[in-house]
Amino acid sequence: MAAVTLLSTLNLSKRFGGLQAVDGVDFTFLEGEIRALIGPNGAGKTTFVNLLSGRIPPTEGRIVFAGEDVTRLPAHARVNRGIAYTFQITSIFAAMSALENVKLSAQRRLSKGVFGPDPELLERVAMSALERVGLADRHGEIAGNLSYGHQRLLEVALGLGLEPKLLILDEPTQGLTDQEIGVFVDLVREIARQASVLLIEHNMDVVMGLADSITVLDRGRILAQGAPDEIRRDEAVRRAYLGA
Amino acid sequence: MRSLRVNKAVTLHLGAIGVLFALQFVLPDYHHVNLARVMVLAGFAMAYNISFGYTGLLSLGHAMFFAAGLYAAGLMARFAGVGAEGGLILGVIAGLAMAVAVGLLALRTTGVSFMIVTLMFAQAAFLTIFYFGEYTRGDEGFIIPSGLRTLFGFSLVEPATRYLVALSLFALCVAVSHGIARSSVGRVLAAIRENEERTRMLGYNVFLYKLAALAISGAMSGAAGAAYGFLFGYVGATFASIQYSIFPLLWVLMGGAATVLGPFAGTLLMFYLVDISSAYTSANMLIVGLALIGLILFFPKGILGTIRERAAPWLP
Ligand SMILES: Nc1ncnc2c1ncn2[C@@H]1O[C@H](COP(=O)(O)OP(=O)(O)O)[C@@H](O)[C@H]1O
Ligand SMILES: [Mg+2]
């Protein structure tokens with residue numbers, strides 16, 4: 001497969017008052033890859049992906065997605081172009097059932113005009129997203145009553161319902177048990193067959209097991225970039241992050 | 001061909017409309033006219049429920065949409081001799097236009113700011129009525145001549161016609177509410193109410209959905225306002241006052257936010273609470289206040305909201 005650029009940023013920057021949270025980042029992301037974004041707390045990882053998804057505007061720089069400059073597009077329009085974002089802090093519709101949650105994520109894509117999608121088709125698509133994350137048998141449960149781990153999975157199912165080109169996962173395994181993490185790794189691998197994945201992750205086992213390549217962010221800048229083995233050996237990365 | 005499934009919610013709503021239809025033949029005059037009034041005001045409450053109940057927009061200025069309809073219809077009747085047919089259409093347009101104009105600005109804010117901005121717009125609308133006192137006669141208001149109060153040749157001064165027109169408006173509002181609650185748009189509105197940022201990040205243009213909800217709410221409020229003017233013959237500034245922005249909120253809270261028939265239940269209950277208590281004491285608003293506090297304490301989701309929670313989860 002030829003390496004096609006899915007997303008690139010040029011001098012992307014975000015300043016919060018006196019703090020340069022993202023500092024002139026030039027970033028290239030290829031179609032089909034699983035990229036891990038790592039770096040110490042406060043490095044600017046969440047801010048960086050927030051810029052990509054359009055939740056906050058950059059102070060400088062450009063973002064090109066699938067050949068289109070999306071820098072000025074509002075967040076919802078970027079979602080429609082294929083950038084899906086799952087929140088670092090779980091954000092679901094707590095009072096609705098798990099199925100209702102996923103229906104919401106799939107319904108816009110399946111709708112034709114102002115009238116909604118065919119209810120049976122919608123139900124089928126939503127159920128299949130729940131099946132992929134292993135929540136099919138809990139489709140009727142109120143999302144707020146699900147366990148934390150299941151809520152994280154539902155969050156991913158919301159992303160899947162969008163059928164994105166790029167799925168951004170912000171610390172998805174945070175707070176999960178080892179067993180849940182195992183399920184999760186398999187899930188991401190399965191998702192990556194259809195979508196590209198940008199994964200912010202602290203758990204180095206997960207990163208090394210999943211990522212095709214790694215970008216290390218430190219104080220808003222790219223510190224290093226490369227294959228997992230290269231990053232593991234990188235002296236600067238060890239000092240800044242791996243703490244060895 | 002898709003078969004029509006008879007569902008419980010449709011049956012319930014048709015049943016309620018049927019009961020209201022039947023009541024006109026048995027009610028004594030006094031309650032007959034009261035119920036007509038309640039049905040029109042319930043239309044206003046249902047309008048408020050679209051934006052507040054289903055979408056989570058807590059407006060403190062809905063009186064301006066009701067008054068927009070009332071005055072558009074009333075002034076055109078007074079100065080251009082427009083009858084109820086034209087008046088109702090004008091009312092809808094006025095309420096809709098006002099809601100879109102206000103929404104374009106006010107919907108840039110959320111939460112408490114949205115409450116304050118809508119309150120201020122409504123206050124401005126209220127004062128505008130006095131500013132043009134020459135035409136509106138301010139507080140005192142004016143009467144729509146009975147000769148103009150006709151719809152397709154039927155006189156709205158006639159209690160029976162008045163009741164049927166009020167019921168028709170009510171039924172239409174029920175149909176709109178039911179349709180929205182059951183539609184995919186309704187699902188998105190509920191999502192916005194629950195978690196706006198998440199809804200945006202599922203690709204929905206949240207601003208546009210909120211504007212649409214407010215526009216529908218404004219149009220329905222305007223229809224109720226225009227109908228009120230033509231059915232009861234009086235147009236006055238009280239209907240644009242803060243009181244008429246608070247009423248629909250109370251009606252909806254009492255009856256159950258985000259339920260189709262809740263606004264009607266709340267309007268009916270509050271109407272008779274005021275009516276009955278004022279027969280005994282001049283401190284009747286105190287009694288209404290106490291009843292409200294009791295209701296919120298014991299039935300925080302309102303009458304139909306509580307029923308839905310405890311007995312009938314299918315209730316729309
Ligand atoms: N909305 C904000 N306003 C001000 N400062 C912020 C905001 N969001 C993040 N920051 C700051 O920007 C820096 C990067 O934060 P973040 O992107 O969350 O880091 P990471 O996700 O890598 O832990 C931190 O110092 C954080 O305090
Ligand atoms: Mg973060």
Quiz item: Which helices, counted as full DSSP H runs in chain B, have an axial Cα extent of no less than 20 Å and a Kyte-Doolittle average of 1.0 or above?
Solution: B:8-23, B:63-80, B:84-106, B:111-131, B:159-182, B:206-232, B:262-280, B:284-298
Quiz item: Taking every pair of alpha-carbon atoms in the stretch B:5-59, what share in percent sits in each 5 Å bin, from 0 to the bin with the longest distance?
Solution: 5, 16, 16, 19, 18, 14, 8, 3
Self-check item: B:Ser278 paired with B:Ala312, simple spin-label distance in nm, labels 7 Å along Cα-to-beta-carbon
Solution: 3.0 nm
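Does the protein assembly as shown come out rounded, prolate or oblate, given a ≥ b ≥ c as the square roots of the eigenvalues of its C-alpha gyration tensor, rounded meaning a/c under 1.5 and, failing that, prolate meaning a/b above b/c?
On the way: a/c = 2.69, a/b = 2.17, b/c = 1.24.
Prolate, because a/c is 1.5 or more and a/b exceeds b/c.
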Exercise. Grab the DSSP H runs of the protein assembly as shown that are 4 residues or longer, score each as -39,500 (n - 2.57), total them, divide by all residues and round the 222 nm result to the nearest 500 deg cm²/dmol.
Key: -18000 deg cm²/dmol
Exercise. Using only atoms on other chains, find how many Cβ atoms lie within 10 Å of each Cβ of peptide B:186-198 and report the average.
Key: 5
Exercise. Could you please report the charge total around A:Arg15, scoring K, R as +1 and D, E as -1 over all other residues with beta-carbon less than 11 angstrom from its beta-carbon?
Key: -1
Quiz item: Looking at this model, which pairs from A:Lys14/A:Lys103; A:Lys45/B:Lys210; A:Lys45/A:Lys165; B:Lys8/B:Lys301 are more than 29 angstrom apart at the alpha-carbon?
Solution: A:Lys14/A:Lys103; A:Lys45/B:Lys210
Quiz item: Hey, how many Å between the Cα centroid of the stretch A:29-86 and the Cα centroid of the stretch B:156-189?
Solution: 45 Å
Quiz item: How far is the Cα center of the stretch A:145-160 from the Cα center of the stretch A:200-225, in Å?
Solution: 23 Å
Exercise. Distance between Cα centroids, the stretch B:238-254 to the stretch B:269-295: provide it in whole Å.
Key: 15 Å
Exercise. Could you order B:Tyr135, B:Tyr48 by accessible surface area, starting with the largest, using a probe radius of 1.4 Å?
Key: B:Tyr135, B:Tyr48
Quiz prompt | Stokes-Einstein D in µm²/s, Kirkwood radius over Cα pairs - the stretch B:55-139 at 25 °C with 0.890 mPa s viscosity | solution = 182 µm²/s
Quiz prompt | Residue-averaged beta-carbon neighbours from other chains (10 angstrom radius) around A:101-108 | solution = 5
Quiz item: Peptides B:155-164, A:27-36, B:289-298: what's the order by average Cβ count within 10 Å, highest mean first?
Solution: A:27-36, B:155-164, B:289-298
Exercise. In debye, nearest 20, what is the charge dipole magnitude of the stretch A:1-150 about its Cα centre with +1 on Lys and Arg Cβ and -1 on Asp and Glu Cβ, if you could check?
Key: 340 debye
Quiz item: Considering chain A as a Gaussian network with a 10 Å cut-off on Cα pairs, which listed residue, A:Leu51, A:Leu223, A:Leu121, attains the greatest mean-square fluctuation?
Solution: A:Leu121
Quiz item: Which order do B:Glu194, A:Glu163 take when ranked by solvent-accessible area (1.4 Å probe, heavy atoms of all protein chains), largest first?
Solution: A:Glu163, B:Glu194
Quiz item: So who's got an amide H within less than 5 Å of the one on A:Ser213, skipping anything under 5 residues away but keeping other chains? H placed 1.01 Å off N, in plane.
Solution: A:Ile34, A:Ala36
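So what is the relative contact order of chain B, in percent, for Cα pairs below 8 Å that sit 6 or more residues apart? Intermediate results must be reported in sequence, preceding the final value.
Values: 520 pairs, mean separation 99.8, N = 316.
Reported relative contact order: 32 percent.
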Quiz item: Let a ≥ b ≥ c be the square roots of the eigenvalues of the Cα gyration tensor of chain A; is it rounded (a/c under 1.5), or, if not, prolate (a/b larger than b/c) or oblate?
Solution: prolate
Quiz item: Computed FRET efficiency, Cβ-Cβ of B:Ala101 and B:Met285, R0 22 Å: what is it to the nearest 0.05?
Solution: 0.10
Exercise. First check a/c for the stretch B:2-238, with a ≥ b ≥ c the square roots of the eigenvalues of its C-alpha gyration tensor; if it is under 1.5, answer rounded, and if not, answer prolate when a/b is larger than b/c or oblate otherwise.
Key: oblate
Quiz item: With every protein chain present, what accessible area does B:Arg37 have (1.4 Å probe, heavy atoms only), rounded to the nearest 10 Å²?
Solution: 70 Å²
Quiz item: For the stretch B:121-199, with only Lys/Arg (+1) and Asp/Glu (-1) charged at the beta-carbon, what is the dipole magnitude about the Cα centre, in debye rounded to 20?
Solution: 360 debye
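Return the Rg/Rh ratio of the stretch A:113-244 with Cα-based radii and a Kirkwood Rh. List each step's numbers first, then the result.
Working: Rg = 17.5 Å, Rh = 16.6 Å.
Here Rg/Rh amounts to 1.05.
The values are calculated or read from the model by the stated rules, or taken from the named source; none is laboratory data. The structure presented is a predicted model; accordingly, all values stated were derived computationally and were not measured. Reconstructed Cβ throughout: ideal geometry from the backbone, glycine too, with neighbour counts over all protein chains shown. Surface areas here come from the heavy atoms of the whole protein model, side chains and all, with no ligands, DNA or RNA. Shrake-Rupley method; radii C 1.70, N 1.55, O 1.52, S 1.80 Å.
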